[in-house]
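Engineer: What follows is a single structure, and I will ask about it in a moment.
Bear in mind these aren't lab numbers, they're just calculated from the coordinates by the rules spelled out. All values reported here derive from a predicted model rather than from experimental measurement. No Cβ is skipped: glycine too gets one built from the backbone with ideal geometry, and neighbour counts run over all protein chains shown.
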Amino acid sequence: MQVEIHLEKIVKQDGKAHLTLIDPASQTPEIAAEMALAAVKGGTDAIMIGGSTGASGTLLDETVMKIKEKVDVPTILFPGNSAGLSSYADAVFFMSLLNSRDINYIITNQVLGAPMVYRSGIEPISMAYLLVEPGGTVGWVGDAKLIPRKKPELAVAYALAGKYFGMHYTYLEAGSGADAPINPEMIGAVKKVLGDNMLIVGGGIRDGETAKLCAKAGADMIVTGTIVEETKDVTAKVAELVAAIKH
Ligand code: 1GP
């Protein structure tokens with residue numbers, strides 16, 4: 001499956017895409033697969049699999065395999081480091097945490113993981129990963145020099161640098177479970193300079209209204225993770241988010 005082309009088609013067709021993030025460390029592979037199925041029933045377009053801590057090895061492989069048994073939307077790895085790769089997934093967000101102070105998150109993990117991506121044939125989707133306040137666990141783990149919430153011009157400068165490096169996607173990340181999502185001004189300013197390049201926004205989005213604000217401001221894809229873990233009715237919650245962002 002050509003995942004990048006597939007996602008582009010969805011964004012062209014529906015205006016926006018919704019991605020569901022599942023952290024393999026948060027539940028068993030069986031429950032992860034049930035959550036993925038429920039999210040697909042709600043209309044999610046792809047399942048992202050990863051996390052900053054503990055999303056690796058057998059647990060990761062089994063989670064990807066179980067999810068793939070249940071759903072036919074793309075599975076995309078969202079690795080916290082080079083151990084977050086699994087040959088069973090369809091694609092990987094091959095990302096660099098551009099505003100990290102730690103070279104490991106900018107290039108070293110990517111160098112360590114690249115041969116495995118090459119051998120396994122998982123599709124790499126190049127991405128500039130940008131951490132904005134509050135940043136959460138990933139901000140701490142990735143030693144990010146967090147972009148202040150009210151400094152869109154800094155996010156724009158990073159996004160441009162990523163684009164000029166040839167990265168196809170930009171991800172504005174507030175951190176999983178953030179109490180405030182990326183603000184619309186920053187999303188709009190970044191999308192303006194990205195043009196046709198894809199903009200993903202995530203972190204702290206819990207309801208349709210917030211998802212809609214982010215989408216309207218310029219996000220092409222909205223990621224939600226925590227709310228899917230917390231809600232009892234995953235299908236209904238994802239349906240709410242999807243209905244809010246798609247035309
Ligand atoms: C985290 O942006 C994603 O990487 C999702 O964040 O868990 O807050 O939905 P939430």
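Engineer: If you find the alpha carbon centre of segment 5-51 and of segment 192-246, how far apart are they in angstrom?
Structural biologist: The distance from the Cα centre of segment 5-51 to that of segment 192-246 comes to 11 Å.
Engineer: So if each residue of separation counts as 0.36 nm, and I subtract the Cα-Cα distance between ASP179 and SER120, what length gain in nm does that give?
Structural biologist: That pair, ASP179 and SER120, stretches by 17.5 nm at full extension.
Engineer: Add +1 for every Lys or Arg and -1 for every Asp or Glu among the other residues with Cβ under 12 Å from the Cβ of ASP179, and state the total.
Structural biologist: Net charge around ASP179: +1.
Engineer: Among DSSP beta bridges whose residues both lie in the chain, state the antiparallel percentage, nearest 5.
Structural biologist: DSSP beta bridges in the chain are roughly 5 percent antiparallel.
Engineer: What pairs in LYS16/LYS145; LYS192/LYS216; LYS191/LYS237; LYS150/LYS192; LYS212/LYS237; LYS9/LYS150 have C-alpha atoms more than 22 Å from each other?
Structural biologist: Violating the 22 Å Cα-Cα cut-off are LYS16/LYS145; LYS191/LYS237; LYS9/LYS150.
Engineer: Just how large is the dipole of segment 3-245 about the Cα centre, in debye to the nearest 20, putting +1 at every Lys and Arg Cβ and -1 at every Asp and Glu Cβ?
Structural biologist: 600 debye
Engineer: If you keep only loop residues by DSSP, which trypsin sites (Lys or Arg not before Pro) in segment 92-168 have at most 15 other Cβ atoms within 10 Å of their Cβ?
Structural biologist: Those satisfying the criteria are ARG101, LYS145, LYS150.
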